[in-house]
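Heads up, the thing below is written out as structure tokens.
The values are calculated or read from the model by the stated rules, or taken from the named source; none is laboratory data. Computed from a predicted model, the values in this text were never measured in an experiment. Calculation scope for accessible area: heavy atoms of the full protein, side chains included, ligands and nucleic acids excluded. Shrake-Rupley method; radii C 1.70, N 1.55, O 1.52, S 1.80 Å.
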Amino acid sequence: MLKVGEIARLGLMVAVMEVSKLALAALPNIELVSFWIILFTLSMGYRTLYALYAFVLLEGILYGVHFWWVAYLYVWTLLLLLTRLFHAQQSALFWSILSGAFGLCFGALCALPYCFAGVLNGGLQNGLLAGFSWWVAGIPYDLLHCAGNFAVMLLLYKPIRAVTTRIFTSSADNKTPDSR
């Protein structure tokens, strides 16, 4: 059961992700959502899933539901799971590499709904071709996504990690961030 303070923190997390996404919307594939998911997961553990799915729901409300929205459901969850897997890491370089690699793979991961839609529309070959062509067309943007994620994490990890730990970990929880 979530406490009132945790619900407030989760709402803050959703707002931070949405506002930072909107603030950088003019830049192609430069985003802070990956950064925030990693930092929030390091501070709040699996409870970040609540904020993550609220963010995805908000994205669907604001922009409509399409293939990209379906991909958001599992792509961001994958990043959260990877963060939990490596949560003991403290190196800004480690998190920068992970975040950059995630940005590089983002397009390939998001191509899966296009593969399924293509299979339903014309068989396995059409599905694979649809997903592959969608992914290949986006490779320049994946490269930007990789570079942006890497740079943002390298520059902001240490100062923002200290702040998120302080804000999202209260003594009332009686748990360390890594035990969640």
Point to revise | Within the accessible area of the chain (1.4 Å probe), percent carbon and sulfur | key: 76 percent
Point to revise | Share of Cα-Cα pairs in the chain lying beyond 19 Å, as whole percent | key: 59 percent
**Study point:** Karplus-derived 3J(HN,Hα), 6.51/-1.76/1.60, for each residue of segment 118-134, Hz, glycine and proline x
**Key:** x, 4, 5, 8, x, x, 4, 4, 5, x, 5, 5, 4, x, 5, 5, 5
Point to revise | Gain in span if fully extended, Leu78 to Leu128, counting 0.36 nm per residue against the direct Cα distance | key: 15.8 nm
Check your understanding: Once phi is turned into θ = phi - 60°, what whole-Hz ³J(HN,Hα) does the Karplus curve with 6.51, -1.76 and 1.60 give for every residue of segment 33-38, x standing for Gly and Pro?
Key -> 4, 4, 4, 5, 4, 5
Review point. How high is the relative contact order of the chain, in percent, with contacts defined as C-alpha pairs under 8 Å that are six or more residues apart?
Key: 29 percent
Practice item. From largest accessible area down, sort Tyr63, Tyr114; use a 1.4 Å probe on the protein chains. Key: Tyr63, Tyr114
Practice item. Divide by every residue of the chain the summed helix terms, -39500 (n - 2.57) for each DSSP H run of at least 4, and state the resulting mean residue ellipticity at 222 nm, rounded to the nearest 500 deg cm²/dmol. Key: -26500 deg cm²/dmol
**Study point:** Intensity falloff of segment 9-74 expressed as log10 I(q)/I(0), Debye formula with alpha-carbon point scatterers, at q = 0.16, 0.21 Å⁻¹
**Key:** -0.51, -0.88
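Tell me the per residue accessible area of the chain using a 1.4 Å probe; a whole number in Å² is fine.
In whole numbers, the chain has 52 Å² accessible per residue.
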Review point. Which sequence of His87, His145, His66 reflects their accessible areas, 1.4 Å probe, from the largest down?
Key: His66, His87, His145
Review point. Helix 92-110 versus the longest principal axis of the chain: what angle, 0 to 90°, nearest 10, using Cα atoms?
Key: 30 degrees
Exercise for review: With springs only between Cα atoms under 10 Å apart, run a GNM on the chain and tell me which of Leu124, Leu144, Leu58 wobbles the most.
Suggested key: Leu124
